[in-house]
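Reading through the structure tokens given below for one structure.
Only the coordinates and a few stated rules stand behind these numbers; no lab work does. Fair warning: this is a prediction, and the values are worked out from it, not measured in the lab. For neighbour counting, all protein chains shown are included, and Cβ atoms are generated from backbone atoms with ideal geometry for every residue, glycine included.
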Amino acid sequence: MPPPAINRAVLDLYRASRETAPGRFQEHALTIVETLLPFDSAWWGMSSPLQVQRPYLHRCDARIFQDYVAHMAQDLLREALVARPGTTIDLDALVGRARHLRTPLYRAFGRKWAMERVLGTLQVEPVSGLYESIVLWRHDARRPFTEDERRTKEWLAPHLAQAHRIGRLLHVLGESPSAPRAWALVDEYGHVREVSPAFVPLLRKEWPRWLGERLPESLPSLAQLRAGRAWVGDSIALNASARGAYVLVVARHASPIHRLGAREREVALRYARGESHAAIAAALGLAPATVRNHVARCFRRLAVHSKIELARRLLAEFP
């Protein structure tokens, strides 16, 4: 059973997930860890088997990231963590202190950055399958990590990962009282980091073999989605919006509304919201006759017969 101090730290982590801005959570969480487990610096980051994403570096020189990537293939600790997710591993216990000092990674990287004592834990994200790793370093070789400290970090690691996820979701979805039903939170690499239960089956209507870990390759770039350019397929439509470092992708069944051209949709929305043909024409630099033609086409395409019906259809999709 975890000691009372660990239970208090866990409660503090979940409180921080609600009260701390997402960009500050990792820093705050590691200060909580430090009350139980002193360390000098830390790495908290995501990776796949072939790619390491830029991590949060706690009291570290930013150059460490590129330096590590150049030597990642030599990392015996990462290999052990991937083989034993959820287990906290002390590098010295894994390979022995004398061998550790002779490894190419220590000679080229660890010694340069004073990473004398190393304690790592890796969790596998349930949605994306990405590796979330938290590695603590001590710079003084005379201060090895103890077995009690290793167990403390192993108790805390899943709570660190889960509190981080909760904070991310509250930030993204807590802004609106009516969150969309089918959504995914995607990082800059296209990895699906969080997902609602309705999102996966809806996307499989368009891509039956989609595995759910990354957005399908045939989609436009995240930059295009982030810029508000909707994507319409045979079965579904996707819209996206920036949420800090992430992109919120919302999926819906495709409908005639999604097949309106961008100009048609803009004209129809302005008309549905009460603007006159003349006002729309002046705002968009169009001839009033062109505006009337756009509105008439929207009526035909959406099979509506009144301005009230048009407004109901459009504003339900684009409030």
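Computed from Cα positions, the angle between helix 262-272 and the longest principal axis of the chain comes to roughly 70 degrees. Cross-link partners of K153 among lysines, defined as those whose alpha carbon lies under 28 angstrom from its own and excluding same-chain residues fewer than eight positions apart: K112. Averaging over all projection directions, the Cα-based convex hull of the stretch 1-51 occupies 5.1 nm² in the image plane. Annotation: extensible slack from A198 through S306 equals 35.6 nm (criterion: 0.36 nm per residue apart, minus Cα-Cα distance).
Evaluate the relative contact order of the chain (contact order divided by residue number), counting alpha-carbon pairs under 8 angstrom at least 6 apart; express in whole percent.
On the way: 441 pairs, mean separation 41.1, N = 319.
Taking the mean separation of contacting Cα pairs over the length of the chain, I get 13 percent.
Note on E213 and I166: their simple-model spin labels are 2.8 nm apart, each label 7 Å out from Cα toward Cβ.
Name the most mobile residue of R270, R117, R84, meaning the one with the largest mean-square fluctuation, in a Gaussian network model of the chain with Cα contacts below 10 Å. Comparing R270, R117, R84 in a Gaussian network model of the chain, the most mobile one is R270. Computed on the stretch 104-179, the Cα convex hull volume stands at 133 Å³ per residue. Relative to the longest principal axis of the Cα atoms of the chain, helix 307-317 runs at roughly 10 degrees.
Over the chain, what per residue volume does the convex hull of the Cα atoms give, in whole Å³?
Working: hull volume 51.5 nm³, N = 319.
Output value, Cα hull per residue: 161 Å³.
Between E19 and R297, the modelled label-to-label distance comes to 5.5 nm, taking each label 7 Å out from Cα in the direction of the beta carbon.
Here the peptides 94-103, 27-36 are ranked by packing, the mean other Cβ count within 10 Å, and the order with the highest first is 27-36, 94-103.
Rounded to 0.05, the FRET efficiency of the A278 and V232 pair, given R0 = 22 Å and the Cβ-Cβ distance, is 0.10. Considering only alpha-carbon pairs that sit under 8 angstrom and 6 or more positions apart, the relative contact order computed for the stretch 183-254 is 34 percent. With a Förster radius of 35 Å applied to the C-beta separation of T146 and D67, the computed FRET efficiency comes to 0.75. Think of it as helices only: each DSSP H run of n ≥ 4 in the chain is worth -39500 (n - 2.57), and spread over all residues that comes to -13500 deg cm²/dmol at 222 nm. FRET efficiency for the pair A114 and Q51, taken as 1/(1 + (r/R0)^6) with r the Cβ-Cβ distance and R0 = 35 Å, rounds to 0.85.
For the pair L94 and R59, the difference between a 0.36 nm per residue extended length and the Cα-Cα distance amounts to 10.1 nm. Summarising the label geometry, the points placed 7 Å from Cα in the beta-carbon direction at L101 and H253 lie 6.9 nm from one another.
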